[in-house]
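I have placed the structure first, in the form of structure tokens, so that the comments after it can refer back to it.
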Amino acid sequence: MKLSCRLSCLCWSLLTLTVCGQEPSAAVDRSELLLVVGAAGQEDYGRNFGIWADRWQQAAERGGAAVTVIGRAAAAGGEATVTDRDAILAAITRNAGTASAEPLWIVFLGHGTFDQRESRWNLRGPDLSASELAEACQSLQRPLVAVICASCSAPFLNALSGPGRCVVTATKDGNQLQYSRFGDFMSTAIAGLEADIDRDGQTSLLEAWLYAARRTEQFYTTEGRLATEHSLLDDNGDQQGVRSEIFHGLKPSAQIKADKPIDGQRAGNVWLVLSPQERQLSREQRQQRDQLEAELEQLKQKKDQQSETEYLQQLEAILLQLARLYQTAAEHKTPNP
């Protein structure tokens with residue numbers, strides 16, 4: 001179970017606080033979802049993309065995020081005045097003027113192509129390349145979460161990777177060009193609690209990705225097919241990405257050694273839909289909580305290097321800080337995006 005779940009419960013119990021039934025205050029700053037549905041090509045693909053898009057939109061609305069949808073059918077009797085490609089770039093340009101600690105989510109559901117140089121989204125009208133999307137995102141003044149549910153999507157990870165960003169792709173390289181089923185499982189995970197591994201009442205990006213990657217793998221195994229897609233996650237800005245196989249629960253396997261943080265830490269602290277308890281915390285309080293939990297994790301790793309008394313003293317100090325944080329949130333009913 002993740003620390004944020006265990007410790008939240010412990011801290012609330014220590015101070016006899018009950019806040020889960022309280023209504024969150026109105027948002028003063030919030031995440032935004034730019035949801036792009038690609039050209040279907042075939043009717044059955046179009047139905048699938050529509051179902052996935054509905055799940056994402058419903059989740060975003062439940063989480064209080066602003067939603068912009070591009071690529072779905074125009075209103076009856078109307079025609080699009082700009083191409084989907086231009087609409088995407090215009091939406092990102094408008095967003096670039098917004099400085100926020102809450103992320104912009106860019107989600108693509110569709111098909112992709114790769115010509116050994118560039119990966120592109122298949123759109124109604126001109127396609128959009130990875131380099132074009134990356135250039136448009138350079139001016140963003142907020143965290144970015146990009147979820148590319150398409151064939152040939154891995155080059156988008158290389159293009160979009162950077163500090164403060166989480167990037168998920170359906171494939172491990174540009175040559176995995178078959179129809180991608182990853183988007184089905186990812187949309188299911190992000191919209192519900194089936195993927196909530198640590199049982200804290202909310203599904204993080206990391207949990208959703210792990211669930212979707214493993215369900216995708218299970219699909220090919222059950223069908224007796226050769227897997228034609230292997231998802232990647234990058235959230236440490238190194239343009240490399242990792243596969244879900246290296247994780248045990250929510251943590252990388254202890255056998256994995258690296259000279260820098262392994263992808264997954266940031267994605268584990270990103271949610272589209274917050275639990276009622278989490279909504280009691282402001283952005284600043286969540287950041288403080290995450291820092292305290294990181295200190296606790298470091299303390300646990302060094303437990304064998306100190307006496308039991310020293311370990312318990314340091315443990316108590318961190319737990320009390322966490323308890324006071326949750327008490328403050330409950331007493332002031334802190335507004336939360």
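Values in this text are rule-based calculations from the coordinates and carry no lab data. It should be emphasised that the depicted structure is a prediction, and the values quoted were computed from it without experimental measurement. All Cβ positions, glycine included, derive from the backbone under ideal geometry; neighbour counts span all protein chains shown.
With both labels modelled 7 Å from their Cα along Cα-to-Cβ, the Ala66 to Arg214 distance reads 3.6 nm. Seen through its C-alpha gyration tensor, with square-root eigenvalues sorted a ≥ b ≥ c, region 27-164 comes out oblate because a/c lies at 1.5 or above while a/b is not bigger than b/c. The stretch between Thr98 and Arg30 holds 23.4 nm of extra length on full extension. This uses 0.36 nm per residue minus the Cα-Cα distance. Residues whose amide H comes within less than 5 Å of that of Leu33, counting only those at least five positions distant or on another chain, are Ala66, Val67, Thr68, Trp105 (H built at 1.01 Å from N in the peptide plane). If both residues of a DSSP beta bridge must be in region 32-269, then about 30% of such bridges are antiparallel. Axis angle, to the nearest 10 degrees, between helix 205-223 and the longest C-alpha principal axis of the chain: 60 degrees. In order along region 312-324, the phi-based Karplus estimate (6.51 cos²θ - 1.76 cosθ + 1.60, θ = phi - 60°) of 3J(HN,Hα) comes to 5, 5, 5, 4, 4, 4, 5, 4, 5, 4, 5, 4, 5 Hz; Gly and Pro are listed as x. Straight-line reach from Lys303: which aspartates and glutamates have Cα under 13 Å away, leaving out those fewer than 8 places along the same chain? Leaving aside aspartates and glutamates fewer than 8 places away in the same chain, those within reach of Lys303 are Glu295. When the Cα gyration tensor is reduced to axis lengths a ≥ b ≥ c, the ratio a/c is 1.5 or higher for the chain, and with a/b above b/c it is classed as prolate.
Under 15 Å of direct C-alpha separation, and excluding same-chain neighbours fewer than eight residues apart, Lys302 reaches these aspartates and glutamates: Glu293, Glu310.
Is the shape of region 282-332 rounded, prolate or oblate, going by the alpha carbon gyration tensor and its root eigenvalues a ≥ b ≥ c, with a/c under 1.5 for rounded and a/b larger than b/c for prolate? The shape class here is oblate.
Can you spot the aspartates and glutamates whose alpha carbon is less than 18 Å from Lys172's alpha carbon? Ignore those fewer than 8 places along the same chain. Within the straight-line limit of under 18 Å, Lys172 reaches these aspartates and glutamates: Asp115, Glu118, Asp184, Glu217, Glu229, Asp234, Asp235, Asp238, Glu245, Asp263.
In this calculation the C-beta distance from Asp86 to Ala227 is compared with R0 = 45 Å, giving a FRET efficiency of 0.80. Across the chain, the mean sequence separation of Cα contacts (distance under 8 Å, 6 or more residues apart), normalised by length, yields a relative contact order of 21 percent.
If the chain linking Lys300 and Gln321 were pulled fully straight, counting 0.36 nm for each residue of separation and taking away their Cα-Cα distance, it would gain 5.9 nm. Over the chain, DSSP H runs of length four or greater, each weighted -39,500 (n - 2.57), average out per residue to a 222 nm ellipticity of -12500 deg cm²/dmol.
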